[in-house]
Structures are given as structure tokens and as C-alpha cells.
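Since the structure comes first, as C-alpha cells, the remarks are kept for the end.
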Amino acid sequence: MAGFDVPHNGNAFKNLPNSFTSTMPFLRLPEETHTHIMSYLPVPSMLACSRTCKLLYLRLSSSLALQSIISLYAHSLVPVPTSLSPAHTLALLSEHSLAWQALKPQRVETIHMPPGLWFGWRADLRGGWYAECDEGHVALVKLPSWKDDVSVSETGDAEEDEEKDFQIFRPPGGKVVGRIEDVLIDPGQDLVMYITRTPDRSCLTLHVLTLEGKHHPSATSRTMTYQQTWRGDFPGVKLFACSLSRSLVAFFVLSFLGNTRLNEIVVWNWQTGEEWRRETHWRHYETLAFIGEHELVAGCVTGDGPTLDVYTISSPNQENQDDTHILLSHSLALPRLRDDIRLSVYFSPNRSTPYPTSYPWYCPPKNQLLAITLRPSRVTSRIAENGLYALFLLVRTLLHPPGLETSVHPVDDNDASPVPWSIWGPDNTRIIPLDPLLPNPIRTSFTHGTRGIYLISPTPSNSFQVCVVDFSPYFLRQDHQEDDIVQETELPKNPFWESTVVTRLGYRKAKTFSGWGDVVWTWIDEERLVVVRREDLGVGEEGGRVVGNVLQVMLM
């Protein structure tokens, strides 16, 4: 049971006959009293109570608070922890919700990461852990939590009584064997993955470890290798994007030998060691992201403009499937660009887990948010320098877009026409203009659950501002506030677009959070807002630029 979905009607109770409440004094109590009493009942008793009469059913179905408790119970998350009653769990949720809405952290902690080379820096945050890598090492650290028992200073910042315990991973054999290209983590499965490329650029290797650096017990092998062979030659390979679901990890790889190019999506099941590949031909993806356990979305620019392609990884257990392979399910068109404008499309993968966790604010996969950063390519003329945008949409829109059933779309056809933007886009997306002069314009937006975060143009210099938005359809519908942005928005006139662009997806905008420093990354998860600031430490022994990243962890 996912909870009732009956809109509140203030006149519903006035239509009940007086004789209905006159015989039972309990029913004459005010609505807020009924809600308060029912919140202390176990959820099965609460549901049973709502079946006794129409009035109590309406009380339950019209209360946002009780609906939240029922939704948590449906995902086995009430009480969390077991010592809390549903009412106390609800109070905890309300406290954190208000903190997010006002962007006022309850506690702030600072973590200084080990220094590393800035070139090729990558990072990942998931499940309360943060990992970053340069070409030589991976540094992993557990982030503070609101459940930690720490002393707090008068300023509200936690007192740093002990050094953080970092885990450092290095490729076997060091840079002689290979340099690190990217890192992925899933602490819920005690999982760390990092990808290395050999010095001759001919091979990619996926290393599968636990958080302590040991061989993962669920993995059949400690490493998995990708390599192409053409007529006995080993071409160069380049990793453009990677993403992780529960049991699958996907890559987009470009293999090149002379003037010959091969674009491929590669999927590995890290638990069984199985590998599947699909050539994408003229589709070149700079980014991809899992939007489900077996669904991928990837973005590219075609002759008709930018598109989002949704792939399905079929299972061998499904009927009429002899082998597991990667199928192109459908494509969605983004707003058309001028003919002389090129575009790069970058995704912010949703870091929510598709399964219930120990957190009381679990978000079902279909309601999770995805952020897409649209930016002009480097070869673009200066006329489009003000064309940086963040596009937000819910995952369910990608999986089941409007117009897909009526459009002419052959199954798994590389040349199939995408669903036009005018059919699926305006009502299901929100595009927010950004400043192209931001410190890290490639990845300006990130998401978790139904929340997204993006940077705002800093004034003055050496400062930053972040804004958090929430696209939860449940709260926008049943807990509407005056500040909610639900009206249609027409983007400012800009040579970036071929025609007028309108978006209508409603969202709740939190107040901005400001600070000082050279910010290069911002993240959010269930309970934290993490800002990554860069400190230049000079030139290292090998001549590379050495930086030290400082994490400002704000607990909501």
C-alpha cells in the first residue's frame, strides 16, 4: 500500500449528518486532535481505524502528516529507528524538511582531503560516503551524519576532535600499470569501483573492492577488463562516461585506430562477470546514467538536434530472450538549436538507491529527479556564450514519455525518429538558465531523490551561492505553498535556441546558501549538502598542479 491519494476538501465534514457525530463524542473532536491521536497508532491500527467510518477515513486521507507515515510504513521504514513511534518519526521528517526549505544546516563540519593532482579529477558521493580520485589514487571517507553523537560549538559547527579516517586505493603497480580514470561507490553494498587505463591506452580495467580495499565477496573476480582487437592490432580506448546500478556498471567507450572510430556501450554484471556490448554507430555519448536497475539514459547531438536515448538491458530470464543484450527503447528530442550552434549534454546521475534504505525519506525510483546540463561546445561561436542551462525532469518521464505510444518508432532502430519536444517536453521539464562563467560549468547541477542543487553566479569573486529545488509531486500537490513555482516559464530570448522554449514542471525553491571559496563541486544526499572547495597547493615533484579539496559538509 502506497498511501491514500484523496485531495483535501474542507467542506467534506460539513456534509455529514449531525446524528452521525452526536452518538460518538470522539468524532466531535477537532480535526487536528484526530490527526494527533491517530499519529501515535501503529500503522495497521491506523488503517483499521480509517475503515470504521467515513469521517475517520476522510481525516486520514486528507492529512499530509498521516499520509507520510503510511508511505514510510509501505517501504518498511517506520519506525526508524525501532525505538521511535510514527509520530516521532514524523517530527524528525518535519525537522529536516524545514532545514532543507530554509537551507539552514543544523551542523557544519569541514574535511580536508589528501592532496592530489588536479588533472583528471573525479568524485562520487553516495550512501554517506565520499570518494575522489586523481590519476594516481582514490581517497575515500565516511561523511558525518546527524545521527552521530558529537559536541557542537557555540557557532553551531561541530568540534573537530579527531582526524578523519581515509581509505587510500592505488592501482596495482602504480602508474606503470595504469592511471585511474574514474571512481564509483555504493556503500550500501560495501562496494568501491575504480577504472584504470594502461599507459599505452589499449585497455580499461575495472577494479572491484570493498570499502576496506579487500576482494568483494559478491564479485566473481577482483578485476574486469575491456579491450578491442582489430586485425591483430590493439587500438586506443577512451572512457567518456560510466554509471552504476545495483548489480550492473555501464561505460561509454571510444576505441580508435588511425582514422577508424568505434563507439560502444559496455555493460558488466560485476557479480557474475558477464559482459555485453552494443555499437552505437554515429551516436557519440559524453555521458550516461542509470535511471533504473536495467534502464540507461544517454545524451548526444544528432543532425536533428540534441536527444536523450533510453536503453533497456534485457534479462536472460525474460521470455523470448536467448542472451542478455542492450536495446534502444526510445529517443526523446530536446529543443532544437540553431544550425550553427553545437551542444554538449552532461548528466547528473541520481544517487538515490532504487531500494528502501535505513533512511526515513526513501524516494520511489519513478519520482527520482535527473539533472541535465546543456552547454555550448568549445567550438561554438561566441554568440552562444550565454547559453548554459540546467534541465530537470523526473525519471518516470524518461521511462514513459507522453507521445511514445502514438509516435512511429520501430523497436531497437538506430534511425528511429525521437518523440518531438513539443509533445513530451514542456509539461514534464523545467529549464533554468545558468551563468556560463561558473567555476565548473560542465557539471553544475546534481540530484538526489526529488531534490536538485545548482550553483549561482558568485558575487563578489571568490564566493559561491547554491540553490536547492524540490520537484516532489506529492508535496506540490497536497502541501502547496505560495512560493512554489508552478507557472509556465518562457526562457529569455537567446540565440542558443532555434525558437521560443517554454517549460512548466512545478518545483519548490529553497533559499540560497552563500559562502566563500573556489567551489568546484556541490552535492546533496538524504541528509547533507556538500560543497567541495579547491585549494591550490602549488606544483608537485612531477610538475603537475597539486590541489587539496576541502569538503564543507552541512547536515540538514
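The values are calculated or read from the model by the stated rules, or taken from the named source; none is laboratory data. Because the structure is predicted, anything quoted here is derived from the model rather than measured. Positions of Cβ are backbone-derived with ideal geometry, glycine not excepted, and every protein chain shown enters the neighbour counts. Calculation scope for accessible area: heavy atoms of the full protein, side chains included, ligands and nucleic acids excluded. Shrake-Rupley method; radii C 1.70, N 1.55, O 1.52, S 1.80 Å.
The table below lists the values:
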quantity: Pick from segment 36-67, criterion more than 19 Å from SER94 (Cα to Cα) and small (Gly, Ala, Ser), ranking: least open to solvent (accessible area, probe 1.4 Å); calculated: SER50
quantity: Contacts under 7 angstrom Cβ, first residue in segment 420-438 being under 22 Å from TRP521 (Cα atoms), partner open to solvent by 50 Å² or more (accessible area, probe 1.4 Å) and in a loop (DSSP other than H, G, I, E, B), 6 or more apart; calculated: PRO433/PRO492; PRO436/GLU385; PRO436/ASN386
quantity: Residues within segment 185-205 that are closer than 22 Å to ARG277 by Cα, assigned to a strand (DSSP E or B) and either open to solvent by 10 Å² or more (accessible area, probe 1.4 Å) or of a type in the set (Ser, Thr, Tyr) (or both), tallied; calculated: 4
quantity: Test: residue in segment 127-138 that is open to solvent by less than 10 Å² (accessible area, probe 1.4 Å), at pLDDT 70 or above and of a type in the set (A, V, I, L, M); calculated: yes
quantity: Per-region count, segment 222-264, residues farther than 27 Å from GLN189 by Cα and within 27 Å of the chain's Cα centre (by Cα); calculated: 4
quantity: Contacts under 9 angstrom Cβ, first residue in segment 201-223 being over 20 Å from VAL266 (Cβ atoms), partner among the β-branched types (Val, Ile, Thr) and in a loop (DSSP other than H, G, I, E, B), 6 or more apart; calculated: PRO217/THR210
quantity: Some residue of segment 206-221 being surrounded by fewer than 20 Cβ atoms within 10 Å (Cβ to Cβ), under 30 Å from the mean Cα position of the chain (by Cα) and under 19 Å from GLU286 (Cα atoms); calculated: no
quantity: In segment 507-533, the residues that are open to solvent by less than 30 Å² (accessible area, probe 1.4 Å), at pLDDT 85 or above and β-branched (Val, Ile, Thr); calculated: THR522, ILE524, VAL530, VAL531, VAL532
quantity: Residue pairs meeting the criteria (Cβ under 8 Å; at least 6 apart or on separate chains; first closer than 20 Å to CYS300 by Cα and at pLDDT below 90, in segment 255-268; second buried (at least 16 other Cβ atoms within 10 Å of the Cβ) and acidic (Asp, Glu)); calculated: SER255/GLU264
quantity: Filtered residues of segment 489-506 (kept if at pLDDT below 85, part of a loop (DSSP other than H, G, I, E, B) and open to solvent by 20 Å² or more (accessible area, probe 1.4 Å)); calculated: PRO492, LYS493, ASN494, PRO495, GLU498, SER499, THR500
quantity: Some residue of segment 534-544 being at pLDDT 80 or above, buried (at least 19 other Cβ atoms within 10 Å of the Cβ) and part of a strand (DSSP E or B); calculated: no
quantity: Scope segment 254-289; condition hydrophobic (A, V, I, L, M, F, W, C), open to solvent by 10 Å² or more (accessible area, probe 1.4 Å) and not in a strand (DSSP E or B); matching residues; calculated: TRP282
